[in-house]
Amino acid sequence: MTSLFGCVSYQSAVLSVPETQKKSGVYHKVMPKETLWRIAKAYDVSLDEIVRANRIPDATKIEKGQLIFIPGVSQIIDLDSSSSSSVKTGYFIWPVKGKVICYYGERISGRVNKGIDINATSGEDVLASKSGKVTFLGDLKGYGKTIIIDHGDNFSTVYANIANPQVKLNKNVTQGFSLAKVDKLNNGKQSFIHFEIRKGYSSQNPMFYLP
């Protein structure tokens, strides 16, 4: 995503990279719609390692034109080139288009949000963020009607507060497939989709991964 780099300026973020780390690696210039996860996947370097090398305070916020130091590599990669087509297929997409009304880690009624809540129109299609297999379809306590997709790469996605499921359990779906509809308004409140990305059993901040 393209946004301000938290409270740290772009200049100070670049200057804060230790001299020892500057000796082995390259600087990647952030282009529009690139996420830190997408960059890490392209270079086959862990996201955590890149965060530490650059002392990034908020990995969800990188800006167009920012230089990100990639430790331990010798060649800059163009993420939009044909050589990185495997990275393109690994993208996550937004399940619906709308404003995030509750972010990862925020408290909702005393509970910590393990995903994001996206404002959406009742009846709107909810899309598969990535291709995979439907491993759960039903009601979850605190979530309502929910779909979970296993993507076969240790990642899974969760879609909650949905209605009219259009998939069946254990069926394969492709990225962008309509899984269900956004549920109707609840007690006059905003209609929304609750969306999570999980790595193994651990919830991740979806803003790391979404373009």
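Ordering Y103, Y201, Y91 by the number of other Cβ atoms within 10 Å of each residue's own Cβ, fewest first, gives Y201, Y103, Y91. Karplus-derived 3J(HN,Hα) values for segment 64-76, using 6.51 cos²θ - 1.76 cosθ + 1.60 with θ = phi - 60°, are 4, x, 5, 9, 10, 6, 10, x, x, 10, 10, 9, 6 Hz; glycine and proline are entered as x. Applied to segment 198-211, the Karplus parametrisation 6.51 cos²θ - 1.76 cosθ + 1.60 on θ = phi - 60° returns per-residue 3J(HN,Hα) values of 10, 10, x, 9, 9, 6, 10, 6, x, 5, 5, 10, 7, x Hz, with x for Gly and Pro. Beyond 19 Å, the tail of the calculated P(r) for segment 100-208 holds 40 percent of the Cα pairs.
For the residue pairs K64/K130; K130/K171; K33/K99; K145/K199, the alpha carbons lie more than 18 Å apart in K64/K130; K145/K199. Between K33 and T2, the built amide H atoms are under 5 Å apart, and every one of these is 5 or more places off in sequence or on another chain.
Computed from the coordinates by the stated procedures, all read-outs in this text should not be read as laboratory data. Since the model is a prediction, treat every value here as computed from it, not as a measurement. A quick note on method: Cβ atoms are made from the backbone with ideal geometry, for glycine too, and the neighbour counts reach across all protein chains shown.
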